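A short write-up of the structure that comes next.
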Amino acid sequence: MRKKIVAGLSLALIAGLALSGCSSRGSDSGSGSDATIKKGDLIGVALPAKTSQNWVLAGAAFKKSIEDAGFKADIQYANAGSPVPDQQSQISGMITKGAKAVIIGAADGSQLTSQVKSAKASGAVVIAWDRNILNTKNVDYYVAFNNYKVGQLQANALLKGLKEKKGSGPYNVELFAGSPDDANATVFFNGAMSVLQPKIDDGTLKVTSGQTTFAKVNTQGWLAQKAQSRMTDLLSQYYTGDTKLDGVLSPNDTLARAILTATKAAGKDNPVVTGQDSETASIPLIMQGTQYSTIYKNTTEEAQAAVDLVTDLSKGNKPDTKIDKTNNYNGVKTVPAIELTPVLVTKENAVEAYKGNDTLEALAKKG
Ligand code: BGC
């Protein structure tokens, strides 16, 4: 039956399909993009709850770059109280409104299967943004920083900070990871553990609590309050008397500040604490030496990369994507990715690293 239909297609149509790289418009094949996007079309952007400052910045960054590129923007955030159902209905709404591309920062990467299937069936391009969308072939592209690299940078910073600030070791450390519903959280943690595990094995690092698995060290919802109370509990259980806490692997700045609040309240010496996101509240702490490091992921550039991808597709250009299994495998496929490079920031390179970002550069210069 299918063969007969194909045979019946006119040559001109076949040529047109080949030109636009389109072989399965509206199907759920999930391989590559098959939409036709043009200037003035609606682009939907579904963002998770504002669990850290990068997400707050993302909405405005997308609005500007989508409009500058000549498309219409529909930007929505999930509510913190009910992020999953909220985001599911926002994405469905975007499809109903006729969005030709949906850019999704997933609230929960494993709970969007039917929404992205409908998006693909409508002919829209599905782009996972910052966080991958899991267990589906219906995601065309992934635009993000290299999250595995983020974890490796954090772990290397922890080791460097320990050497600089805590003498020769062995060092007592604790590990924290992000939220299990965020696909990035395990990638950050796996990247970090690829560096830290050998140091745990050779005795350089001692995880005093013995809690070293993602299942034990994750922080549901990326909530500061959860990290603070876990740190408080660890301190009262494992760091009584003279036992020192030398360092903490923290997956982002929000949690780093919560961890530092707990160690301060317990009267402990300032441990070496890592972070991520270059949040404005953390830069002064880094310059004062309270938080050791962060990661700079320029949100404006990350949004622009997704919009450039949409522009490329609208021009019929083949996007320059990368297949990177460690970073971009979603359980079913390795999603073709546009990967950006994260930058490690400590007190030493902050002014340099933030050049071009007026707000962050000014904070770094202020000290
Ligand atoms: C982002 C991080 C952020 C975290 C919490 C992750 O998916 O990549 O930059 O710290 O979410 O919001």
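Please state, as a whole number in µm²/s, the translational diffusion coefficient that the Stokes-Einstein equation yields for the chain at 20 °C and 1.002 mPa s, with Rh defined as the Kirkwood radius across alpha carbon pairs.
It diffuses with D of about 99 µm²/s by this estimate.
Positive end of the dipole of region 234-367, charges at C-beta (+1 Lys, Arg; -1 Asp, Glu), about the Cα centre: which of Tyr239, Gly267, Met287 has its Cα farthest in that direction?
Tyr239
Taking amide hydrogens as modeled 1.01 Å from N in the peptide plane, which residues meet the under 5 Å criterion relative to Val45, leaving out close sequence neighbours?
Asp74, Ile75, Gln76, Ile103
I want to verify the translational diffusion coefficient of region 224-349 in µm²/s; compute it with Stokes-Einstein, Rh as the Kirkwood radius over Cα pairs, at 10 °C and 1.306 mPa s.
Reported coefficient: 93 µm²/s.
Please give the charge dipole size of region 147-296, origin at the Cα centre, charges +1 on K and R Cβ atoms and -1 on D and E Cβ atoms. Round to the nearest 20 debye.
Charge dipole of region 147-296: 240 debye, to the nearest 20.
Charges at C-beta only: +1 for Lys and Arg, -1 for Asp and Glu. How large is the resulting dipole of the chain about its Cα centre, in Debye rounded to 20?
660 debye
Separation between the Tyr329 and Lys366 pseudo-spin-labels, each 7 Å from Cα along Cα→Cβ, expressed in nm?
According to this spin-label approximation, the distance is 4.5 nm.
Counting only C-alpha contacts under 8 Å and six or more residues apart, can you give the relative contact order of the chain as a whole percent?
17 percent.
Against the longest alpha carbon principal axis of the chain, how many degrees, from 0 to 90 and to the nearest 10, is the axis of helix 53-68 turned?
Helix 53-68 sits at roughly 30 degrees to that axis.
Would you kindly calculate the mean projected area, averaged across all directions, of the convex hull enclosing the Cα atoms of region 147-296, in square nanometres?
The orientation-averaged projected area of the Cα hull of region 147-296 comes to 7.8 nm².
Treat every Asp and Glu Cβ in region 210-367 as -1 and every Lys and Arg Cβ as +1, leave all other atoms uncharged, and give the resulting dipole magnitude about the Cα centre to the nearest 20 debye.
380 debye
Values quoted throughout were computed directly from the atomic coordinates according to the rules given, and no laboratory measurement underlies them. Since this is a predicted model, take the numbers as computed values, not measurements. Cβ sites come from the backbone with ideal geometry, for glycine too, and all protein chains shown count toward neighbours.
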